[in-house]
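Trainee: Here you go, one structure.
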Amino acid sequence: MKNYKKIVVKIGTKVITTKDRTLDTARMKDLVCQIAGVTQEGADVVLVTSGAIGSGLALLGLKKRPADLASLQATAAIGQNRLMQVYSELFRPFKIHVGQMLLTQEDFNDRARYLNIKHTINKLLEHEAVPIINENDTVATEEIKCGDNDRLSCLVADLWGADLLILLTDVDGLLDGEGKVITEVSEITPEIARLGGKSHCDLGTGGMATKIEAARSAVRAGVDCMIANGAAKDVIRRIVRGDAGIGTAFRHGEGKFLARKRWIAFSSRPKGGIRVDAGAKAALTEKDSSLLASGVTLLDGQFRRGDVVRIEDELGREIARGVTNYSALDLARIKGMKTSSFKTILGGGKMPDEVVHKDNLVIT
């Protein structure tokens, strides 16, 4: 194998469902066999899988994805149970346990819960179990959803410190304008992003566009990413071996954020925005400074102390993200003010000098 020891494999809905919407157990068996083989060669694998809603549709005899949230969540609950049952049965001959983890964006927003996900993954792997992760569709609403399993898999890869993220889909990779596979992408330009198009799948929520965005975040976090066809022969093992001519590769560069700053930049979802003047923007982007209240001009959202917020320039364009030391309510009272006036305005004891300290800030 190449130097890939920590691998996240994401399997899309259309990879493991048939045309009549039932689970394709033969395909699942083949992929499980490959994952077992990779683990036997010394790598750890975390599996992020779609398919709960598709499985639930088949079990309930439904012809299309429900439109109302309650029906969708009930369908996911029924389908998730079947999905895990099949994976458990397929891994059993290899003497591999499986551990289910159902997550939402809120689990990544909270730093303590975020770290607990990592600890649980590592403990499952110590027990030689494969963590199987899915969005918790039974409780997720738009406000707390990760969005899709492509993004979820990227969040997991970053959190766990993976070497490689494999996104398995029903096409051979990212296709150019002539329908040919682009074997390697060195930079995700606007032209590359446009090749993603939009998803037309009524079973899942992702598409090539979401995979490109997941790849963009993965490589910025220091994780190699591959998009490939889940039906291709030995696809996982070939990717891990570094075989040429399969899928589209996105290679990470040399730079990599520290773990806490990666959480701020990629994993947490901002709870609001802070707009700053030109002087504050220059101090942040050119001088590696902290954000002071004197440079704050406008606020957006009802964020609390400790939340991750967007920092925007005078035109409303995001320039950074960071953990705020002040709630929106308090910051509204001290924006534009000097630090020396904080105690008089807010009362209380010692106040942080910085709205966002540079150690908790990432230029985006």
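The values are calculated or read from the model by the stated rules, or taken from the named source; none is laboratory data. As the structure is a prediction and not an experimental result, all values here were calculated from the model. Note: ideal-geometry Cβ built from the backbone for every residue, glycine included; neighbour counts use all protein chains shown. The accessibility values were calculated without ligands, DNA or RNA, using every heavy atom of the protein model including side chains. Shrake-Rupley method; radii C 1.70, N 1.55, O 1.52, S 1.80 Å.
Trainee: Being farther than 18 Å from Val235 by Cβ and either assigned to a helix (DSSP H, G or I) or under 23 Å from the mean Cα position of the chain (by Cα) (or both) is the filter here; which residues of segment 11-62 pass it?
Mentor: Once the filter is applied, which keeps residues that are farther than 18 Å from Val235 by Cβ and either assigned to a helix (DSSP H, G or I) or under 23 Å from the mean Cα position of the chain (by Cα) (or both), segment 11-62 yields Asp44, Ala52, Ile53, Gly54, Ser55, Gly56, Leu57, Ala58, Leu59, Leu60.
Trainee: Does Thr285 satisfy being among the hydroxyl-bearing types (Ser, Thr, Tyr) and farther than 30 Å from Leu175 by Cα?
Mentor: Here the answer is yes, as Thr285 does meet what is asked.
Trainee: Any residue that is of a type in the set (Ser, Thr, Tyr) and closer than 16 Å to Leu167 by Cβ - is there at least one of those in segment 251-267?
Mentor: no
Trainee: Quick check on Asp288: is it closer than 26 Å to Glu187 by Cα, modelled with pLDDT of 95 or more and surrounded by fewer than 20 Cβ atoms within 10 Å (Cβ to Cβ)?
Mentor: So Asp288 does not fit the description; no.
Trainee: Inside segment 76-112, can you point out the residues that are open to solvent by 60 Å² or more (accessible area, probe 1.4 Å) and either polar (S, T, N, Q) or not in a helix (DSSP H, G or I) (or both)?
Mentor: Asn81, Gln85, Lys95, His97, Gln100, Asp110
Trainee: In the set Ala293, Ala265, Ala328, which member is over 30 Å from Lys118 (Cβ atoms), in contact (Cβ under 8 Å) with a residue 12 or more places away in the chain and not β-branched (Val, Ile, Thr)?
Mentor: Result: Ala293 is the single residue among Ala293, Ala265, Ala328 that is over 30 Å from Lys118 (Cβ atoms), in contact (Cβ under 8 Å) with a residue 12 or more places away in the chain and not β-branched (Val, Ile, Thr).
Trainee: Quick check on my filter: what residues within segment 304-313 are in a loop (DSSP other than H, G, I, E, B) and modelled with pLDDT of 95 or more?
Mentor: Listed by number, the list holds a single entry, Asp313.
Trainee: Could you please find all residues in segment 51-75 being surrounded by fewer than 17 Cβ atoms within 10 Å (Cβ to Cβ) and not small (Gly, Ala, Ser)?
Mentor: Correct list: Leu59, Leu60, Leu62, Lys63, Lys64, Asp68, Leu69.
Trainee: Taking Met84 and the conditions (1) touching a residue at least 60 places away in the same chain (Cβ under 8 Å); (2) within 25 Å of the chain's Cα centre (by Cα), which numbered condition does it fall short on, given that it satisfies the others?
Mentor: Every listed condition holds for Met84 apart from (1).
Trainee: Which one is most open to solvent (accessible area, probe 1.4 Å) among residues in segment 225-248 that are in a helix (DSSP H, G or I) and touching a residue at least 24 places away in the same chain (Cβ under 8 Å)?
Mentor: This residue is Arg241.
Trainee: Assuming Ser153 fulfils every condition listed in (1) touching a helix residue (DSSP H, G or I) at 6+ places or on another chain (Cβ under 7 Å); (2) modelled with pLDDT under 90; (3) among the hydroxyl-bearing types (Ser, Thr, Tyr) apart from one, which condition is it?
Mentor: (2)
Trainee: Would you point out which residue out of Leu159, Leu175, Leu164 is at pLDDT 90 or above, open to solvent by 40 Å² or more (accessible area, probe 1.4 Å) and among the hydrophobic types (A, V, I, L, M, F, W, C)?
Mentor: One residue alone meets the criteria, Leu175.
Yes/no matrix, rows are residues, columns are (1) open to solvent by less than 40 Å² (accessible area, probe 1.4 Å); (2) within 27 Å of the chain's Cα centre (by Cα):
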{"residue": "Ser268", "(1), (2)": "yes, yes"}
{"residue": "Gly273", "(1), (2)": "yes, yes"}
{"residue": "Asp277", "(1), (2)": "no, no"}
{"residue": "Ala280", "(1), (2)": "yes, no"}
{"residue": "Leu284", "(1), (2)": "yes, yes"}
{"residue": "Asp300", "(1), (2)": "no, yes"}
